[in-house]
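Here the structure is laid out as structure tokens; the discussion comes afterwards.
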Amino acid sequence: MPENSFSHIDSKQRPSMVDVSEKSATQRTAVAECYVHLGESILQSFSEAGWTSKKGPIIDTAVIAGTMAAKKTHELIPFCHPLNLKSVKIDISPADSARLRIEARVKVIDQTGVEMEALTAASGAALTLYDMCKSASKEITIEGLRLIEKTGGKSDLHLR
């Protein structure tokens, strides 16, 4: 691996925040996904109950949590820049008879991308689904967190 190939390592091999001051602000988007495996009976049960539990509205709460997570990414990930996000959209839908798919789409006009915000949004929504549903099963898993799309920076990514 070439020396200093990581953007968050300076010339003295110390961690540092990337200087984006010379970059132009452009529109950037990122989309992340992950899956929450509830199991068929649990998914069916919550679906029949209108996605409500003793804790409240399951899907709506996860959407709000994912949005909040995107906005707080710079407080969770040490070298993420605080960004003025323009849009955060969280979609939660059945992937199959046992899993929910979470898609988080984040948009910004800034000097750096929003990949970490999209990933954090998806994981925040997934963790909230886990929390809202854990009383029904101890076998819930979160899987497949990944970036599936990125536009507007040095390079684009499209994994769909």
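The values are calculated or read from the model by the stated rules, or taken from the named source; none is laboratory data. Since the model is a prediction, treat every value here as computed from it, not as a measurement. When we count neighbours, we look across all protein chains shown, and the Cβ atoms used for this are built from the backbone with ideal geometry, even at glycine.
Structure notes:
- Some residue of region 69-87 being β-branched (Val, Ile, Thr), touching a strand residue (DSSP E or B) at 6+ places or on another chain (Cβ under 6 Å) and farther than 16 Å from CYS133 by Cα: no
- Residue check for HIS81: within 23 Å of LEU145 (Cβ to Cβ), part of a loop (DSSP other than H, G, I, E, B) and either out of contact with any Phe, Trp or Tyr (no Cβ under 8 Å at 6 or more places or on another chain) or modelled with pLDDT of 95 or more (or both): yes
- Selection within region 135-160 - part of a loop (DSSP other than H, G, I, E, B) and of a type in the set (Ser, Thr, Tyr): SER135, SER137, SER155
- Qualifying positions in region 109-140 - of a type in the set (Asp, Glu), within 11 Å of the chain's Cα centre (by Cα) and surrounded by fewer than 24 Cβ atoms within 10 Å (Cβ to Cβ): GLU115
- Taking the criterion of being in a helix (DSSP H, G or I) and within 23 Å of the chain's Cα centre (by Cα), the residues of region 48-69 that qualify are ILE58, ILE59, ASP60, THR61, ALA62, VAL63, ILE64, ALA65, GLY66, THR67, MET68, ALA69.
- Matching residues in region 16-46 - criterion: being small (Gly, Ala, Ser), loosely packed, with under 15 Cβ neighbours inside 10 Å and outside any loop (DSSP other than H, G, I, E, B): SER41
- Exactly one residue among SER97, SER53 is polar (S, T, N, Q), farther than 27 Å from LEU159 by Cβ and touching a residue at least 12 places away in the same chain (Cβ under 8 Å), and that residue is SER53.
- Subset of region 1-47 (residues that are β-branched (Val, Ile, Thr) and more than 22 Å from the chain's Cα centre (by Cα)): ILE9, VAL20, ILE42
- Selection from region 102-134 of residues that are part of a helix (DSSP H, G or I) and of a type in the set (Asp, Glu): GLU115, GLU117, ASP131
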